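Please treat every number below as a calculation from the coordinates, not as lab data. As the structure is a prediction and not an experimental result, all values here were calculated from the model. For neighbour counting, all protein chains shown are included, and Cβ atoms are generated from backbone atoms with ideal geometry for every residue, glycine included.
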Amino acid sequence: MSPSKRVRAQGFTLIEVLVAIAIFASLSVGAYQVLNQVQRSNEISIERSERLKSLQRALVFLDNDFRQMALRQSRTNGEDPSPLLLQWQDYLLDSDAKGVLFTRAGWRNPSQQFPRGEVSKVGYRIKDKQLQRIWWRYVDTPAGQEGISMPLLDDVESFDMRFYDGSEWQQNWETNLALPQAVALSLELSDYGKIERIYLTSGGTLEVSGEQNTDG
């Protein structure tokens, strides 16, 4: 019987170890890149979803306010009522560009449960590329009473409006004691581009005789 042979255990050579490490590192980097891409895609999806929600929320406020524009004068800082029922001016409401101000109806207050009227004064302005809604609890406000600011939408590049008087569209509204028959509102967003809404209003002219009823 031949003598037993000693079987020598064969280990990995240095080159084999280095190759294995390189393969493992390559697989790890690939897996990390895939995971990172999936995570980033999820973050982008969430960001876009939140952005869309903000846009939809802003449009809801705009729709509700402009569609219920009221044929009603308003007082600001205790001054005489403005003859302009719809104000669209440069730097109005401390806006970086133009701002708009008007009164709106339809804000129900059953049995006067809340400290406000059913007709509200509202406005919109641009501050640092952000569309903001300004509102007051009552139409006629005393001196020093600031409106309540509500941020609506970021990354607004421009905010513009046009007004239809029944025969043509105008860039400004300067008709006293009257509302346009329609308002075209345009928002230019950095991501969605230009968004335009056209609102039909109640129109009409306000007949003022004597002391106007200021119950808000």
If I take R0 = 35 Å and measure r between the Cβ atoms of residue 89 and residue 192 in this structure, what FRET efficiency does the formula 1/(1 + (r/R0)^6) give, to the nearest 0.05?
0.85
On a full-extension model of 0.36 nm per residue, what is the gain between residue 48 and residue 60, subtracting their alpha-carbon distance, rounded to one decimal in nm?
2.5 nm
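Between residue 14 and residue 96, what is 0.36 nm times their sequence separation minus the Cα-Cα distance? Round to one decimal in nm.
22.7 nm
Where does the longest stretch of the chain lie that holds no GluC sites (Glu not before Pro) found in a DSSP loop with 13 or fewer other Cβ atoms within 10 Å? The partial results should precede the final answer.
Values: sites that count: 79, 146, 168, 174, 207, 211.
Maximal segment without exposed cleavage sites: 1-78.
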Restricting to bridges with both residues inside the chain, how much of the DSSP beta-bridge set is antiparallel, in percent to the nearest 5?
100 percent
Going from the alpha-carbon gyration tensor of the range 63-200, what semi-axes, largest first and in whole Å, does one get by taking the root of 5 times each eigenvalue?
24, 18, 15
Positive end of the charge dipole of the chain (Lys, Arg +1 and Asp, Glu -1 on Cβ, about the Cα centre): tell me which of 12, 124, 178 has its Cα farthest that way.
12
On C-alpha positions alone, give me the angle between the axis of helix 14-67 and the longest principal axis of the chain, in degrees, nearest 10.
10 degrees
Note the count of lysine pairs whose C-alpha atoms are less than 20 angstrom apart in the chain, limited to pairs 8 or more residues apart or on different chains.
8
When the Karplus curve 6.51 cos²θ - 1.76 cosθ + 1.60 is applied with θ = phi - 60°, which whole-Hz ³J(HN,Hα) does each residue of the range 139-156 get, with x for Gly and Pro?
5, 9, 10, x, 4, x, 8, 7, x, 8, 8, 10, x, 10, 8, 9, 6, 8
Would you kindly state the longest site-free stretch of the chain, with sites defined as chymotrypsin sites (Phe, Trp or Tyr not before Pro) in a DSSP loop (not H, G, I, E, B) surrounded by at most 16 other Cβ atoms within 10 Å?
92-191
Considering amide H positions built from the backbone, and no H for Pro or chain starts, which residues 5 or more places from residue 84, or on another chain, come under 5 Å of its amide H?
177
